[in-house]
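Some notes on the structure that comes next.
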Amino acid sequence: MNRGLVYFHFDPHHQVRDYVVAALSSLRPHANHILLVSNSPIGEADRARLGTCCDEILQRPNVGLDAGAYRAGLEHLGWERLADFDELILTNHTLLRAAAALGRSSPALRTGAISPSGA
C-alpha cells in the first residue's frame, strides 16, 4: 500500500514542539511519503529535527488556515504524484500520536464501518 500523508503545522511562536515530532514519528511507519505544510516559519534546528520524520517541508504564509495548507500541499505534490498513492491522509498538529491500529483501520474506513473522524 502506497500511502501519502499531508500534515498541517502552525505555531504562533514559530516553533516545532516536541509533540509534533512525536506525532510525525508515530505516523512514519504508516506512510510512504510525509509532507509537512507549515503556515508558520520553521528555523534550521527544527528543520533538522523534522528531517528524521518527514520527507518534505513546505513553508507558506498563514493564509487559508488548514484548508489552505492542505490545498497548497496537494498542489505541491501534483496530480501525477497524488495518483501514485493508494491512500492519502490529511491531518494536522492537533494529532498527538497515530492510532496504533492505523494500518488496520483502512479497511474499516473503506467499508464505512467507521468514519474518517473515528466516530
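Would you work out the charge dipole size for segment 1-85 about its Cα centre, treating the Cβ of every Lys and Arg as +1 and the Cβ of every Asp and Glu as -1, and quote it to the nearest 20 debye? Let's see the in-between values first.
Working: 8 positive and 10 negative charges, 21 e Å.
Magnitude of the dipole: close to 100 debye.
If we sort 65-78, 41-54 on the protection proxy, mean other Cβ atoms within 10 Å, highest first, what's the order? All intermediate terms of the calculation are to be shown ahead of the outcome.
Working: 65-78: 16.2, 41-54: 14.5.
Ranked from most to least packed, the peptides come out as 65-78, 41-54.
No lab work stands behind these numbers, since they all come straight from the coordinates. Please read these numbers as outputs of a predicted model, since none were measured by experiment. Virtual Cβ from ideal backbone geometry, glycine too; neighbours counted across all protein chains shown.
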